[in-house]
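Everything on this sheet refers to the single structure shown next.
The values are calculated or read from the model by the stated rules, or taken from the named source; none is laboratory data. Every value quoted in this text rests on a predicted model; they were computed, and no experiment measured them. Cβ atoms come from the backbone with ideal geometry, glycine included; neighbour counts cover every protein chain shown. All accessible areas refer to the heavy atoms of the entire protein, side chains included, with ligands and DNA or RNA removed. Shrake-Rupley method; radii C 1.70, N 1.55, O 1.52, S 1.80 Å.
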Amino acid sequence: MGVTSGDDTRFMERALELARRAEAEGEVPVGAVLVLEDQVLGEGWNHPIAAHDPTAHAEIVALRAGAARMNNYRLPNTTLYVTLEPCAMCAGAIVQARVTRLVYGASDPQAGAAGSVYNLLQSPVLNHRAVVEGGVLADVCGAQLRAFFRARRTTE
């Protein structure tokens, strides 16, 4: 795949920009970028509230965009960058799409399905396993989420 740690940082920074867009729209700030050979195939940010769609998570939006661009529901040799560890729904979509590698920022100790609570992406009972690398810009990703929820608690 040839993705280096510098590329990981660059693509995670783009995912953080997308997360800021979600936050500006009043959504939980999560962003995702799907990459194939250093080219962005798809991007997404959380917008289930605005879309009235419980599946409109950043990862799903990025995967849909990438699949449309590739004209294929399978996305082999791709890397998905996401600011927060995927939930079970998103991890399942990553498996179904055959994404090769997942890089995430902050861990999700309540619902993470890439190793924190569940490990769907490397489950031996599923027909695909993705390489998982967590913690890329974790401090920045985590701080963004904490600030969002702290502000929400003070306005409610």
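Out of curiosity, is V28 in a strand (DSSP E or B) and of a type outside the set (D, E)?
Taking the combined requirement at face value, the residue does not satisfy it.
When segment 94-118 is examined, which residues are found to be touching a residue at least 12 places away in the same chain (Cβ under 8 Å), open to solvent by 20 Å² or more (accessible area, probe 1.4 Å) and farther than 23 Å from D38 by Cα?
Residues satisfying the conditions are S107, D108, A111, G115, S116, Y118.
In segment 31-64, how many are assigned to a helix (DSSP H, G or I), closer than 23 Å to A97 by Cα and of a type in the set (A, V, I, L, M)?
Final tally of qualifying residues: 6.
Could you list, in sequence order, the residues of segment 24-52 that are among the acidic types (D, E), over 22 Å from M70 (Cβ atoms) and surrounded by fewer than 20 Cβ atoms within 10 Å (Cβ to Cβ)?
The one that is among the acidic types (D, E), over 22 Å from M70 (Cβ atoms) and surrounded by fewer than 20 Cβ atoms within 10 Å (Cβ to Cβ): E25.
If you scan segment 124-140, which residues turn out to be of a type in the set (A, V, I, L, M, F, W, C) and either closer than 26 Å to P76 by Cβ or open to solvent by 40 Å² or more (accessible area, probe 1.4 Å) (or both)?
Matches in segment 124-140: V125, L126, A130, V131, V132, V136, L137, V140.
In segment 1-32, what residues are among the aliphatic types (A, V, I, L, M) and closer than 21 Å to F148 by Cα?
Scanning segment 1-32 gives M12, A15, L16, L18, A19, A22, A24, V28, V30, A32.
Restricting to segment 69-88, name every residue that is out of contact with any Lys or Arg (no Cβ under 9 Å at 6 or more places or on another chain), surrounded by 15 or more Cβ atoms within 10 Å (Cβ to Cβ) and not in a loop (DSSP other than H, G, I, E, B).
Listed by number, the residues that qualify are R69, M70, V82, T83, L84.
Only one of A67, A56, A91 is touching a Pro at 6+ places or on another chain (Cβ under 9 Å) and of a type in the set (G, A, S); which?
A56
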